[in-house]
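All remarks here apply to the structure that follows.
Values quoted throughout were computed directly from the atomic coordinates according to the rules given, and no laboratory measurement underlies them. Treat the numbers as computed from the prediction; the structure is a model and nothing was measured. Note: ideal-geometry Cβ built from the backbone for every residue, glycine included; neighbour counts use all protein chains shown.
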2 protein chains.
Amino acid sequence: MESAFPVTPRTKVMRLAKRGVYDRGVVYSILDEAFLCHAAFSLDGKPFVIPTAFGRKDDTLYLHGSAASRMLRTLDTGVEACICVTLLDGLVLARSAFHHSMNYRSVVLFGTATAVKEPDEKMEALRVLTDHIVPGRWDQVRIPNEKELKQTLVLAIPLEEASAKVRTGPPIDDEEDYELPVWAGVLPLTSTPGALADDGRIVPGVQPPDNLLHYRRPK
Amino acid sequence: MESAFPVTPRTKVMRLAKRGVYDRGVVYSILDEAFLCHAAFSLDGKPFVIPTAFGRKDDTLYLHGSAASRMLRTLDTGVEACICVTLLDGLVLARSAFHHSMNYRSVVLFGTATAVKEPDEKMEALRVLTDHIVPGRWDQVRIPNEKELKQTLVLAIPLEEASAKVRTGPPIDDEEDYELPVWAGVLPLTSTPGALADDGRIVPGVQPPDNLLHYRRPK
């Protein structure tokens, strides 16, 4: 597999082209740090976009959900999907309203989804989805039974057409604005885990495991 | 304006219908807490989705960006957009893989965008966009000049067709799974501001204002 994605008319970053990144390693590091995507598809020519969890294994992205889901059933008919993953890193505060921006890392990918039907592969995809959100969780919980597997639709999208867009660093103001008495810089934003709240029905003596106590995303 | 959105075939929450919310107040509280949306549109029948900032004033959503932006120019041709706003509140950790979920508040809305061209309205929309992200920022910075206004495309989308989907609370496991020795509950996730980093070119004596020092989203 090539280490860079081919640049296609759809994935070529048009605006602020210097922010475009086609390196597979960069794209995958963004996919691996995030776990929520926005999946878009067209139905009768009209756009739909829905938030959903995802997982990645090698060069495949997995989505899952109820077998009754409108989105997943639509994608399973072989229509093209556009999927966007966005990590917001901070607010970029300039001296002029015009030069305000955000620091972010986003991936946009295109592909056609196919349902994962082979039982072992489907179970493995569900493991990937679970462990993508909380590494190690799969081995701590009851895995899906046959009825649950039937109720779950898993879709695979090959990672063949994708690009990232990344902004980092301070604001860039017009030279003459640097003399304005305006505070300018970056306000970092981070997704932070809070205190675990058990559901009140824990078997006595069971403690939260380390992967939850010290939850953090891979960087 | 009615206090509830009409339920249309597109906005009716199909999966887990009890999570659907059509109340305008709830939808607007989600829009006001967030400032990043994912905007989807169809181009030649194919879906595109892109992350972008937004603002809201009354029953209008505003997007903006470079007048050269592919997305904005496409939307300005009168095509329909689907816009999704998602706030992630936590990971829902069940005893079974199947019942894992997330706590979230999301809005999906549909509408046709039109360019805001009247100069006063355009300036006001840019104020709304700026103050939506950092309340009070507009009055602290240099506002756009004529050249910057020309380089900026502002789109307005009427808030007429929208719904929210909300999940809160602990995991719901199958009754027989409650005897498993598995920790279950919620791991809250919050977007947290970090320490302000100035850009190294601040006019001596200028301090960061309170709206940045104590930055928080409206709840």
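Between A:GLY20, A:GLY200, A:GLY111, the residue with the greatest mean-square fluctuation in the GNM of chain A (Cα pairs under 10 Å linked by springs) is A:GLY200. Within the shell defined by Cβ-Cβ distances under 11 Å, the residues around A:PRO47 carry a net charge of +1, with Lys and Arg each +1 and Asp and Glu each -1. About its Cα centre, chain B has a charge dipole of approximately 440 debye under the convention of +1 per Lys or Arg Cβ and -1 per Asp or Glu Cβ, with nothing else charged.
By the scheme Lys and Arg +1, Asp and Glu -1, what is the net charge of all other residues having a beta-carbon under 15 Å from that of A:PRO144? Combined, the nearby Lys, Arg, Asp and Glu give -4. A cut-off under 11 angstrom between Cβ atoms defines the neighbours of A:ALA113, and their net charge, with Lys, Arg +1 and Asp, Glu -1, is -1. What the phi angles of the stretch A:211-219 give under the Karplus curve with 6.51, -1.76 and 1.60, with θ = phi - 60°, is a coupling list of 5, 9, 4, 10, 5, 8, 7, x, 9 Hz, glycine and proline written as x. From the square roots a ≥ b ≥ c of the eigenvalues of the alpha-carbon gyration tensor of the stretch A:110-219, which class results: rounded (a/c under 1.5), prolate (a/b over b/c), or oblate? Because a/c hits 1.5 or more and a/b fails to exceed b/c, the stretch A:110-219 counts as oblate. Take each residue in B:30-43, count the other chain C-beta atoms within 10 Å of its C-beta, and the mean is 4.
Normalising the average separation of contacting C-alpha pairs (under 8 angstrom, six or more residues apart) by the number of residues puts the relative contact order of the stretch B:17-170 at 32 percent. Plainly put, the tip 7 Å out from Cα toward Cβ on A:ALA197 is 3.2 nm from that tip on each other copy, the closest given first.
The C-alpha atoms of chain B define a longest principal axis, and helix B:119-133 lies at about 40 degrees to it. Shielding of peptide B:176-185 by partners, expressed as the average count of other chain Cβ atoms within 10 Å per residue Cβ, is 6. As an equivalent ellipsoid, the protein assembly as shown spans semi-axes of 36, 25, 22 angstrom, where each value is the square root of five times an eigenvalue of the C-alpha gyration tensor, largest first. Note on the stretch B:1-30 and the stretch A:178-197: Cα centroid distance 32 Å, given to the nearest whole angstrom. Take the Cβ atoms of A:GLU118 and B:THR112, set R0 to 45 Å, and the FRET efficiency comes out at 0.60. For chain B, the Kirkwood hydrodynamic radius from C-alpha pairs, put into Stokes-Einstein at 20 °C and a viscosity of 1.002 mPa s, yields a diffusion coefficient of 108 µm² per second. Length gained on full extension, A:GLU146 to A:ASP58: 29.1 nm, using 0.36 nm per residue less the C-alpha separation. If eta is 1.002 mPa s and T is 20 °C, what Stokes-Einstein diffusion coefficient results for the stretch B:1-131, Kirkwood Rh from Cα pairs, in µm²/s? Roughly 130 µm²/s, to the nearest whole number. Of the residues B:LYS46, B:LYS12, B:LYS122, the one that moves most in a GNM of chain B with alpha-carbon contacts below 10 Å is B:LYS46.
Each residue of the stretch A:57-71 was assigned a 3J(HN,Hα) from its phi angle through the Karplus curve 6.51 cos²θ - 1.76 cosθ + 1.60 (θ = phi - 60°); the sequence is 9, 6, 9, 10, 9, 10, 10, 8, x, 5, 5, 9, 5, 4, 5 Hz, with glycine and proline shown as x. A cut-off of 5 Å between modelled amide H atoms, ignoring neighbours fewer than 5 places along the same chain, links A:GLY90 with A:ASN103, A:LEU189. Averaging Cα coordinates gives a centre for the stretch B:70-143 and one for the stretch A:107-123; these two points are 29 Å apart. Shielding value for B:118-125 is 0, the average number of Cβ atoms from other chains within 10 Å of each residue's Cβ.
A full extension of the chain between B:VAL7 and B:VAL206 corresponds to an added length of 66.6 nm, given 0.36 nm per residue minus the alpha carbon distance.
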